[in-house]
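Only one structure is covered here, and it is reproduced in the block below.
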Amino acid sequence: MSITDTPASVLERVSLPISQATGLPNTHYTSDEAFYHDRDKVIAQSWACIGFVDELEDSNAVRPIDFMGLPLLLTKDEHKQLRVFHNVCSHRGMKLVDSPCRNNGAIRCPYHSWTYANDGTLRATPNIGGHGVHSHDDFDKTANGLEEIASATWLGAIFINLAGNCVAFEDYIAPVVKQWSRFLDPGLLTNFVLSDNESQLQLTVKSNWKLAVENYLESYHLPSVHPELNRVSPLDAHYYLETFKNGAGQGSKNYRRLEVDGSSLPSVKDWPGKLANFAEYPVIYPNTFLGIHADQLFIQYLQPLSTNETAEHVRVFYYTEEACSSSFQQHRSETLAGWKNVFEEDIFAVERMQAGRHSPAYKGGAFSPVMDHPTLHFHQWVAQMLAS
Ligand code: FES
Ligand SMILES: [Fe+2]
């Protein structure tokens, strides 16, 4: 950050009317210091997606993950309850778990064998009081369990609020759920079916995570970056969603369902006929992208790996058992291949924006007063988080 780029001055510049505003400074995309500011002041203070529930076995399982340099641990207990912890022993700070596994309900630290339950409770402290003495009056086991992180699950995905200071997850996502209620009963969103096979996709892009968000937020690049998609769902069929406190996005009035040999995937029940060709693509800040359609739903989250590298994890879901049956395998494969193609087309765009962020001639750029509202909204959201 240059000396003139205080959080307050950046907030001031991005808060100007769109025709005068400039975007976040280059250093927000290129400096390691900014990466950790993003983690601690932006991402930690909101609800970030960090994985999918089915990446752990159903019960008594642990899975370590690295999130922006933080060692975290996902656990499921014998009742299938999922929790997220800091993956560090309360004793001498050893990273507890280094590979996913099923366990018998116990997480044993390999250093001095302190042992925790999957709910984070410290259960055993062998020899803590000397040889053969496993407790000590001056040591309170209950005060030395694993440190839990606020978490929630939704649409098969796991969300965390690292700082533990955000509004409840349900309130955080309420505007998106409300928007979707035009199409379907939001209750259905907790109850749809995941296709095990033709449903997963991962990409890595050499760019800062924020550029991937900014690219997903706008449809302005559609004609030049996605010519195929643009033929089916042209720019003039796209619209921007009303921005909400923690997100923004776009929609299309011209989504065409995939056909294989004259058949298409079963739709969600009760989707209104007059909205049959609508599709919406909201972003829930900081890192969750959604794609809602009558026949499929995808969720994508970003895993920021470093200042200039980001992994994108995608899952496609279908609404009925029938859609997940072998009769629709080809439809699912082609659906996933279609999204893969679209997301791969975006890679060069975000990577070249990242390259451009090293130019001193670029000072936050300019915004189209018509096409770049969601992008500016995201810049304002980030700047506000950094300044607060
Ligand atoms: S560091 Fe874990 S038991 Fe000592
Ligand atoms: Fe795109």
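Key figures for this structure:
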quantity	calculated
Identity of the residue in the stretch 57-93, within 16 Å of ligand 1 (Cβ to nearest atom) and exposed (fewer than 15 other Cβ atoms within 10 Å of the Cβ), that ends up farthest from Ile160 (Cα to Cα)	Arg92
Residue within the stretch 259-266 that is part of a helix (DSSP H, G or I), exposed (fewer than 14 other Cβ atoms within 10 Å of the Cβ) and among the small types (Gly, Ala, Ser) present	no
Pairs where the first residue, in the stretch 135-155, is closer than 16 Å to Trp114 by Cβ and the second is outside any loop (DSSP other than H, G, I, E, B), C-beta under 6 Å, 6+ apart	Lys141/Leu122; Asn144/Leu122; Gly145/Leu122; Leu146/Phe85; Leu146/Tyr116; Glu147/His86
Candidates Asp58, Asp54 - the one that is in a helix (DSSP H, G or I), within 21 Å of Arg315 (Cβ to Cβ), touching a residue at least 12 places away in the same chain (Cβ under 8 Å) and not assigned by TED's automatic domain parsing to the domain that holds Gln200	Asp54
Residue within the stretch 140-158 that is of a type outside the set (Phe, Trp, Tyr), closer than 25 Å to Gly51 by Cα, buried (at least 19 other Cβ atoms within 10 Å of the Cβ) and within 16 Å of ligand 1 (Cβ to nearest atom) present	yes
Within the stretch 104-130, tally of residues that are modelled with pLDDT of 95 or more and away from ligand 1 (no atom under 16 Å from the Cβ)	2
Pairs where the first residue, in the stretch 96-110, is part of a loop (DSSP other than H, G, I, E, B) and the second is of a type outside the set (A, V, I, L, M, F, W, C) and within 13 Å of ligand 1 (Cβ to nearest atom), C-beta under 7 Å, 6+ apart	Leu96/Asn87; Val97/Asn87; Cys109/His91
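Listed here are the residues, each with its yes/no results for (1) within 18 Å of His221 (Cβ to Cβ); (2) assigned to a helix (DSSP H, G or I); (3) touching a helix residue (DSSP H, G or I) at 6+ places or on another chain (Cβ under 7 Å); (4) not hydroxyl-bearing (Ser, Thr, Tyr).
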site	(1), (2), (3), (4)
Gln330	no, yes, no, yes
Leu336	no, yes, no, yes
Gln354	yes, yes, yes, yes
Ala361	no, no, no, yes
Gly365	yes, no, no, yes
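The values are calculated or read from the model by the stated rules, or taken from the named source; none is laboratory data. The structure presented is a predicted model; accordingly, all values stated were derived computationally and were not measured. Cβ sites come from the backbone with ideal geometry, for glycine too, and all protein chains shown count toward neighbours.
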